[in-house]
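The values are calculated or read from the model by the stated rules, or taken from the named source; none is laboratory data. Note that this is a predicted model, so its numbers are computed, not measured. Methodologically, a virtual Cβ is constructed for each residue, glycine included, from the backbone with ideal geometry; neighbour enumeration extends over all protein chains shown. Surface accessibility is based on the protein's heavy atoms, side chains included, excluding ligands, DNA and RNA. Shrake-Rupley method; radii C 1.70, N 1.55, O 1.52, S 1.80 Å.
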Amino acid sequence: MDLVNHLSDRLLFAVPKKGRLYEKCLSLLQGSDIQFRRSNRLDISLCTNLPIALIFLPAADIPTFVGEGRCALGITGVDQVEESGVDVELGMDLLFGRCKLQIQVPENGKFKEPKELIGKTIVTSFVNLTKKYFAELEGVSVQDMKTKVKFVGGSVEASCALGVGDAIADLVESGETMRAAGLCAIDTVIDTSAHLIVSKDQTNSELVELIKSRIEGVLAAQKYVLCNYNAPRSNLPGLLQLTPGRRAATVSPLEDDDWVAVSAMVEKKNIANIMDGLKNQNASDILTFEIANCRV
Ligand SMILES: Nc1ncnc2c1ncn2[C@@H]1O[C@H](COP(=O)(O)OP(=O)(O)OP(=O)(O)O)[C@@H](O)[C@H]1O
Ligand SMILES: O=P(O)(O)OC[C@H]1O[C@H](OP(=O)(O)OP(=O)(O)O)[C@H](O)[C@@H]1O
């Protein structure tokens, strides 16, 4: 099929083709019912149920494609957006791919503070962010700074041991890679997480809003459970303080006038404590349900 000729009337949505964000993006697309089949080795997939084409790109290239208006939407890390310096709208924090770009030095080496690295060589995949950081540290423009910033495309953590640089600027999530390489962080350049990014030139706001609303629904379904219980009417004010719901709890009458049924969305991470509190205030038949999907 001549794919390119099928793109003109579709919204182009750039998603990472591999790496740390890939699996989470696929499950977000699945939860949003954006259906597609990805053919082997092909980086463009036409959606079968919406006028969208998914463009699979390296996470680092997505800001450029969206920033230049070639793709209306994209998913990538804020670190990549800041590194590219493009003007895109940060549409939504997707709450995964959370990590920090940090300045790291050999653990038992001579450098303890960022200022001691002025004039030294820093190795990174984030050349622009690292230059900006050191230019600010030196109090000069990027052109006039003394610190040298060297690009490598991956395995940045090996650079100090191999003598390629004095320090590195690299992403840290659990800290395992850094510790295994005998490095420690002495400062954070930027905190990052995956975001939905939106082109300022996009022309299909209706479809963009539909996709945003579906993704918001997937995120809310991950964050909340539905909690149902029966409550003595007299205890309702105290019980509703525990389960106020996202907007408000649903309270329905029961055959027994002294009791009501309550249904509310509750944050998953608090559910055990909330159920204990409901029980202490004489609620009964307390049930919680996973939310498969929702619109919020
Ligand atoms: N350890 C991590 N934990 C969480 N998010 C990360 C981590 N490493 C990278 N990311 C996020 O994922 C984005 C893409 O990084 P990744 O290393 O997967 O890129 P890649 O170069 O496309 O893939 P690969 O490393 O497989 O070649 C980063 O810009 C960052 O936002
Ligand atoms: O703090 P941690 O949980 O150990 O994660 C940090 C590591 O993850 C990223 O690399 P990745 O493994 O994606 O491969 P790369 O080095 O090829 O970029 C990053 O560049 C670090 O090396």
Point to revise | Selection from segment 160-181 of residues that are away from ligand 1 (no atom under 13 Å from the Cβ) and either under 21 Å from the mean Cα position of the chain (by Cα) or surrounded by 15 or more Cβ atoms within 10 Å (Cβ to Cβ) (or both) | key: 160, 165, 166, 167, 168, 181
Check your understanding: If we scan segment 62-80, do we find a residue that is surrounded by fewer than 17 Cβ atoms within 10 Å (Cβ to Cβ) and over 22 Å from residue 207 (Cβ atoms)?
Key -> no
Study note, to complete from the structure: Taking segment 182-221 and keeping residues away from ligand 1 (no atom under 16 Å from the Cβ) and within 16 Å of residue 101 (Cβ to Cβ) leaves 184, 186, 187
Exercise for review: Scan (1) in contact (Cβ under 8 Å) with a residue 12 or more places away in the chain; (2) surrounded by fewer than 16 Cβ atoms within 10 Å (Cβ to Cβ); (3) not aromatic (Phe, Trp, Tyr) for the single condition residue 144 breaks and write down its number.
Suggested key: (1)
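Is it the case, given these coordinates, that residue 56 is among the aromatic types (Phe, Trp, Tyr), more than 14 Å from the chain's Cα centre (by Cα), open to solvent by less than 30 Å² (accessible area, probe 1.4 Å) and at pLDDT 95 or above?
yes
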Review point. Can you tell me which of 272, 261, 292, 249 is modelled with pLDDT of 95 or more and within 27 Å of the chain's Cα centre (by Cα)?
Key: 272
Practice item. Would you check which residues across segment 259-291 are open to solvent by 50 Å² or more (accessible area, probe 1.4 Å) and touching a Cys at 6+ places or on another chain (Cβ under 7 Å) and list them? Key: 288
Check your understanding: Can you tell me which residue in segment 66-85 is nearest to residue 36 (Cα to Cα), limited to those that are in contact with a Gly (Cβ under 8 Å, 6 or more places away or on another chain) and within 14 Å of ligand 1 (Cβ to nearest atom)?
Key -> 77
